[in-house]
Amino acid sequence: MNTDPTPPPQFSRRPIRELPDALISQIAAGEVVERPASVVRELVDNALDAGAGQITVRLLAGGVRLISVEDDGSGILPEELPIALKRHATSKIGSLADLESVGTMGFRGEALAAINAIADCALLSRVSGQAHAYLLEGQTGEITPVARSTGTTVEVKELFFSTPARRKFLKTDATELAHCVEAVRRHALARPDVGFAIWHEGKLVAQWRRCGEAGSLPALEQRLADVLGSDFVERSVWVDFSSRAAPGRPDYAPVIKVWGRAGIPDAARARADQQFCYVNGRFVRDKVITHAARSAFEDVLHGQRQPVYALYIELDPARVDVNVHPTKIEVRFRNSREVHQAVRHAVESALAAPRAGQTAPDGAAKLTHPLAWPVRGGDADRAVAPGADGSERAPAPFSYAQAAMRFDTPVGHRVSDLGALWSAPADTPIQPTALPAGDWPLGRALAQLKGIYILAENSQGLVIVDMHAAHERIVYERLKTQWSEARDGSCLPSQPLLIPAAFAATPVEVATAESHTATLLRLGLDITPFSGKTLVVRAVPTTLAQGDAVELARSVLTELGQHEASSVVQRAHNELLGTMACHGAVRANRHLTLEEMNALLRQMEATERSDQCNHGRPTWRPVSLRELDALFMRGR
Ligand SMILES: Nc1ncnc2c1ncn2[C@@H]1O[C@H](COP(=O)(O)OP(=O)(O)OP(=O)(O)O)[C@@H](O)[C@H]1O
Ligand SMILES: [Mg+2]
């Protein structure tokens, strides 16, 4: 055995030396500038900070040969031009306190210096009231008077010319161009009050005209349609929410505003490529926000589908640290819980309003008023509009749920419980549907198809409803409400069976029933062992009284058998209630009378999230007259 120690690798010690300034700048630039799109983002940031109303981006070879960003903003004084290119030189903050409440996109005074270190830069700027514009050549430092209107143009030529290794990492011109366009798109979605244009090799690639005042919802809607397509707007709902101060929680922000649009579950995609989040006007990728938005869709989205949304979050700048990532794409919240709650609540309540009746003749969902948002129950549940006291919101909020409730009355029979209606004797005086079909969002029932679908007629055409899926959601929502009302361990309202139902049970089912008695009682189920092989159901939840008690008991026991600890049951209660709802819901092949069908339609209109069943599938679809006409080639 060789016992000689391994000789140390050849190592020559070098003295520690300070790096030359140019190299420091080039290394620092690597943090900020990864590709042409990073330059575009920084220059557009600067233009927006300068108060520009119109920003024009011109590119050659995907931005590698030239990036020029022209704005009509405030301009830079000639004597400040050379300083603008220096590292750590900024007009945007002057102290740590400024940094903590920064309201501009920039604050480090790094971007222009970084870009100048790795490309051939020129600044051309004119401040209003000055006779000339001045041009500064970044490489030579030479300043010459030139002609230009008020504003600034920054020209960046031959990106990475001095760092060829970096240049090798760039993709094709087309790919780099696509990234540049994406960078401008993100800005455009944040600022409908600013016009944007992008040119590549002399051709106009994209253009978004100025839509209106900053903060105006119609302007935002227009911009979203221009940038993401009208489909995005048609298949999304307004989110418009302000959190209230949490009394006794000084660690909570007084107000967090969340607005924007959230796609309806039907608009979800296979990839998460249409999720735009902004914090105080800055595009960010943030796990807290993404998670909050995702959980708002939890109850209505099918499987792995990715929701689409554009969400704008505004909060006290002091409660969010923007100085955590070199490209500022990440932020850190002082209290991520308050942000999570606000975003989740905002999106959830926007999605909860039933959309029946929002269907325009062309099948596109449209809001009657851009400021309409859902109203639930009491005042405490109301999402408030921007403006701390909600006073900016003039028109009365409109809710389809409320409208539908109102429609109940003229029929002379307030339909509040479909189950009760079913069990009503045949001669119960229920007036035939007296209102014209057009007055109900989901229309007037016409017939039942194959025991599965309800066909109804509204002012736009035909409505087809999957009756099991729809009723399942109604029952589920009711169970959830009852569960949350039954706090402190009290039970879901329960109803004893006239004749207790005994059934042959497996040993596991008997054991589960014995060990989960308390949980079963909370769920409104009285299931007791009769013998080692028989269980007896003596009571079921009132809401599910019409269903098959034995089937209900079996599936709840199966599910409970999978959750040992009661804390798990507590957490999984939504799934449990979902299982129960499935059993309580009207089954296929059940014959419904027209009155029962109408009652179901009215309940759908009044139930939150009723457009999707518990598994995220749609519960109803409209077929407009126009679509029917097309089917028969009428009018051709
Ligand atoms: N388009 C512009 N219009 C007017 N002033 C500008 C423009 N671009 C840059 N400036 C001025 O040049 C300064 C330096 O810009 P630079 O982008 O390097 O830093 P910053 O924006 O202050 O911070 P950051 O590094 O975070 O972007 C700015 O603070 C601003 O005063
Ligand atoms: Mg900047």
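Total residues in the range 606-636 satisfying the condition of being assigned to a helix (DSSP H, G or I) and buried (at least 21 other Cβ atoms within 10 Å of the Cβ): the figure is 1. Screening Thr327 with (1) under 30 Å from Ser95 (Cβ atoms); (2) touching a residue at least 60 places away in the same chain (Cβ under 8 Å); (3) not in a loop (DSSP other than H, G, I, E, B) gives one miss only, at (3).
When you check Ala581 against the structure, is it in contact with a Phe, Trp or Tyr (Cβ under 6 Å, 6 or more places away or on another chain) and either assigned to a helix (DSSP H, G or I) or under 23 Å from Asp266 (Cα atoms) (or both), yes or no? Criteria met by Ala581.
Cβ separations smaller than 6 Å between residues 6+ apart or across chains give the following pairs from the range 104-116 residues that are at positive phi to residues that are assigned to a loop (DSSP other than H, G, I, E, B) and more than 7 Å from ligand 2 (Cβ to nearest atom): Gly109/His88; Gly109/Ala89; Gly109/Thr90.
Residues being of a type in the set (A, V, I, L, M, F, W, C) and either in contact with a His (Cβ under 9 Å, 6 or more places away or on another chain) or closer than 16 Å to Leu315 by Cα (or both): count how many of those fall in the range 267-300.
Going through the range 267-300, the residues of a type in the set (A, V, I, L, M, F, W, C) turn out to be 267-268, 270, 272, 276-277, 279, 283-284, 288-289, 292-293, 296-297, 300.
Filter once more, keeping what is either in contact with a His (Cβ under 9 Å, 6 or more places away or on another chain) or closer than 16 Å to Leu315 by Cα (or both): 268, 277, 279, 283-284, 288-289, 292, 296.
The number of residues fulfilling the criteria is 9.
Among (1) out of contact with any helix residue (DSSP H, G or I) (no Cβ under 8 Å at 6 or more places or on another chain); (2) over 28 Å from Val44 (Cβ atoms), where does Val300 come up short? For Val300, the exception is condition (1).
Screening the range 305-356 for residues that are surrounded by fewer than 20 Cβ atoms within 10 Å (Cβ to Cβ) and small (Gly, Ala, Ser) and picking the one that is nearest to ligand 1 (Cβ to nearest atom) gives Ala318.
With Thr153, Thr175 as the choices, which residue is in a strand (DSSP E or B) and either under 31 Å from the mean Cα position of the chain (by Cα) or surrounded by 15 or more Cβ atoms within 10 Å (Cβ to Cβ) (or both)? Spell out the reasoning first.
Values: Thr175 fails: in a strand (DSSP E or B).
Answer to the check: Thr153.
Under the condition of being touching a helix residue (DSSP H, G or I) at 6+ places or on another chain (Cβ under 8 Å) and part of a helix (DSSP H, G or I), the residues counted in the range 512-540 number 5. Summed over the range 156-170, residues that are exposed (fewer than 12 other Cβ atoms within 10 Å of the Cβ) and in a loop (DSSP other than H, G, I, E, B) total 2. Within the range 128-165, the set of residues being β-branched (Val, Ile, Thr), touching a helix residue (DSSP H, G or I) at 6+ places or on another chain (Cβ under 9 Å) and more than 11 Å from ligand 1 (Cβ to nearest atom) comprises Ile143, Val156, Thr163. Of all residues in the range 55-94, those satisfying the criterion of being more than 11 Å from ligand 1 (Cβ to nearest atom), out of contact with any strand residue (DSSP E or B) (no Cβ under 7 Å at 6 or more places or on another chain) and not in a loop (DSSP other than H, G, I, E, B) are Ala61, Gly62, Gly63, Glu79. Annotation note: Cβ proximity below 8 Å between a residue of the range 141-165 that is under 20 Å from Ile24 (Cα atoms) and not assigned by TED's automatic domain parsing to the domain that holds Arg126 and a residue that is outside any loop (DSSP other than H, G, I, E, B) and not small (Gly, Ala, Ser) (sequence gap 6+ or interchain) occurs for no pair. Restricting the range 33-92 to residues that are acidic (Asp, Glu) and closer than 23 Å to Leu23 by Cα, the residue that is nearest to ligand 2 (Cβ to nearest atom) is Glu42. Residues of the range 7-25 include at least one that is within 16 Å of ligand 2 (Cβ to nearest atom) and modelled with pLDDT under 90.
Within the range 26-54, the residues that satisfy the criterion of being in contact with a strand residue (DSSP E or B) (Cβ under 8 Å, 6 or more places away or on another chain) and either assigned to a strand (DSSP E or B) or within 13 Å of ligand 1 (Cβ to nearest atom) (or both) are Val39, Val40, Leu43, Val44, Asn46, Ala47, Leu48, Ala50, Ala52, Gly53, Gln54.
Only residues that are of a type outside the set (A, V, I, L, M, F, W, C), more than 15 Å from ligand 2 (Cβ to nearest atom) and surrounded by fewer than 22 Cβ atoms within 10 Å (Cβ to Cβ) were counted across the range 109-128, and they come to 2. Ala502 passes every criterion in (1) of a type in the set (A, V, I, L, M); (2) in a helix (DSSP H, G or I); (3) free of Cβ contacts under 8 Å to residues at least 40 places away in the same chain; (4) closer than 15 Å to Ala549 by Cα apart from (2). Within the range 296-317, residues that are at pLDDT below 90 reach partners that are not in a strand (DSSP E or B) with beta carbons closer than 6 Å, at six or more positions or on different chains, in the pairs Val300/Pro265; Val300/Arg609; Val300/Gly616; Leu301/Pro265; Leu301/Ala268; Leu301/Gly616; His302/Gly616; Arg305/Ala268. So, Arg538, is that one among the basic types (Lys, Arg) and closer than 30 Å to Val623 by Cα or not? No; evaluated as a whole, the condition is false for this residue.
When Asp548 is tested against (1) in contact with a helix residue (DSSP H, G or I) (Cβ under 7 Å, 6 or more places away or on another chain); (2) surrounded by fewer than 21 Cβ atoms within 10 Å (Cβ to Cβ); (3) over 21 Å from Arg590 (Cβ atoms), exactly one condition is not met: (3). Is it true that some residue in the range 159-166 is touching a Ser or Thr at 6+ places or on another chain (Cβ under 9 Å) and more than 16 Å from Ala61 (Cα to Cα)? Checked against the condition, which is being touching a Ser or Thr at 6+ places or on another chain (Cβ under 9 Å) and more than 16 Å from Ala61 (Cα to Cα), the range 159-166 yields no hits at all.
Residues that are part of a loop (DSSP other than H, G, I, E, B) and away from ligand 1 (no atom under 12 Å from the Cβ) within the range 95-127 comprise Ser95, Ser101, Gly103, Ala119, listed in sequence order.
The values are calculated or read from the model by the stated rules, or taken from the named source; none is laboratory data. Quick caveat: nothing in here was measured; it's all calculated off a predicted structure. Heads up, the Cβs are rebuilt from the backbone with ideal geometry, glycines too, and the neighbour counts pull from every protein chain shown.
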